[in-house]
1. Kindly check whether there is at least one residue in the range 155-178 that is assigned by TED's automatic domain parsing to the domain that holds Arg65, touching an Asp or Glu at 6+ places or on another chain (Cβ under 8 Å) and either among the aromatic types (Phe, Trp, Tyr) or touching a residue at least 60 places away in the same chain (Cβ under 8 Å) (or both).
2. For the range 262-318: of the residues being among the basic types (Lys, Arg) and over 32 Å from the mean Cα position of the chain (by Cα), which is surrounded by the most Cβ atoms within 10 Å (Cβ to Cβ)?
3. Quick check on the range 130-138. Is at least one of its residues under 18 Å from the mean Cα position of the chain (by Cα) and farther than 17 Å from Ile177 by Cα?
4. In the range 211-310, which strands (runs of 3 or more DSSP E) lie fully inside it and hold 2 or more residues that are farther than 19 Å from Pro183 by Cα?
5. Return the pair list, or none, for Cβ contacts closer than 9 Å from residues in the range 51-79 that are in the same structural domain as Lys133 (by TED's automatic domain parsing) and acidic (Asp, Glu) to residues that are assigned to a loop (DSSP other than H, G, I, E, B) and crowded, with 21+ Cβ neighbours inside 10 Å, at least 6 apart or on different chains.
6. Would it be correct to say that Phe66 is assigned to a loop (DSSP other than H, G, I, E, B), crowded, with 19+ Cβ neighbours inside 10 Å and touching a Gly at 6+ places or on another chain (Cβ under 9 Å)?
7. Considering only residues of the range 270-295 that are in contact with a helix residue (DSSP H, G or I) (Cβ under 8 Å, 6 or more places away or on another chain) and hydrophobic (A, V, I, L, M, F, W, C), which is farthest from Arg208 (Cα to Cα)?
Amino acid sequence: MEDSLFPRDITAAQNIANSPPPLDPDPNLLEVRDWFKMQPKLEARFGQVLRQSIDEVLDGQRTGRFNIKDLEKTEKTYLGTKVEIIARTEFNLGRGNRMDFSISGHDVDSKFTSGDNWTIPREADGHICLLIKANDLKASYQVGILRIHDTLLNLGANRDGKRTPSAAGRSAIQWIIPEGRLPENILLTLSETDRDAIFKAGTSGQARTNELFRRVQVRLVNRNTVLTVARQDDSLKRVRDARHHLRNEGIMILGHQKQHPHIARALGLRVPEKGSWIAIRVACVDSLDSARKSTRISGQDYAVWEEGDSSVPAPAEY
């Protein structure tokens, strides 16, 4: 199946046929698993670890990149190191004696992939590995742990002697987060037409920001997206200025300050947190005659614009 977690291959099929007998329960592995499962807001925190790691390596403000595929080979390698560093900080993990982390007194190595499988070095043999896999396009990720054993790895190795977990190895993973939600990378999800319009050559950072909020509406836009599009030191000021530039088109840009959260809730929208925004085109409505969700601003009732509504400017202040 195309959407299965791991693709099928000949080596995996051979390993299924020659699967080793089940390994004895591993109390140390279970202690590490249980330590993670006791952490508050675990899924959201791992999601932010991965979002921050990917965004920092892409360095969109300087490079304009938003796709892992555009990274250099060395940068893709460093992405795994970045995940390790930010995870250590987020979960306040100490360094292990020989591996990356010390968790519940056990050495744990960190392995990340944005591909189909992990590559495991020889020195990890016998150790517990924290396996992290992210798919930025699908906005999903997985986290599990596995004690590395020769019988759980494919026979083939790359030039560095690294091997990948076999089908038997993947089935032995203790999943901490079997399917987590990765904060969305909006630029990856846009159509090529919309992306081309936003990044149109020769336009200013302000013009690109205006186009971003003109084309991306009723969806949360995070700070890194704005930085990647504007590519300026004062990128966030571009959002404030975009409110004025887009007002005559009826577009409001809501953030986390003033009455913006109240307006978002009244209109049935996701409420932006600090460092995020949501754009909407509005229409004037009579709240007494309309079943639509609306909000009153400066004596006028506004709803999210729908086909057939008249075009009106957005309120000057909100």
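1. yes
2. Ranking the candidates gives Arg292 first.
3. Yes; the residues of the range 130-138 include at least one that is under 18 Å from the mean Cα position of the chain (by Cα) and farther than 17 Å from Ile177 by Cα.
4. 251-254, 276-285, 295-297, 300-304
5. Going by the 9 Å Cβ cut-off, the qualifying pairs are Asp55/Phe66; Asp55/Asn185.
6. When the stated conditions are applied, Phe66 passes them.
7. In this case the residue turns out to be Val271.
The values are calculated or read from the model by the stated rules, or taken from the named source; none is laboratory data. Treat the numbers as computed from the prediction; the structure is a model and nothing was measured. Counting neighbours? That spans all protein chains shown, and the Cβs are built from the backbone with ideal geometry, glycine included.
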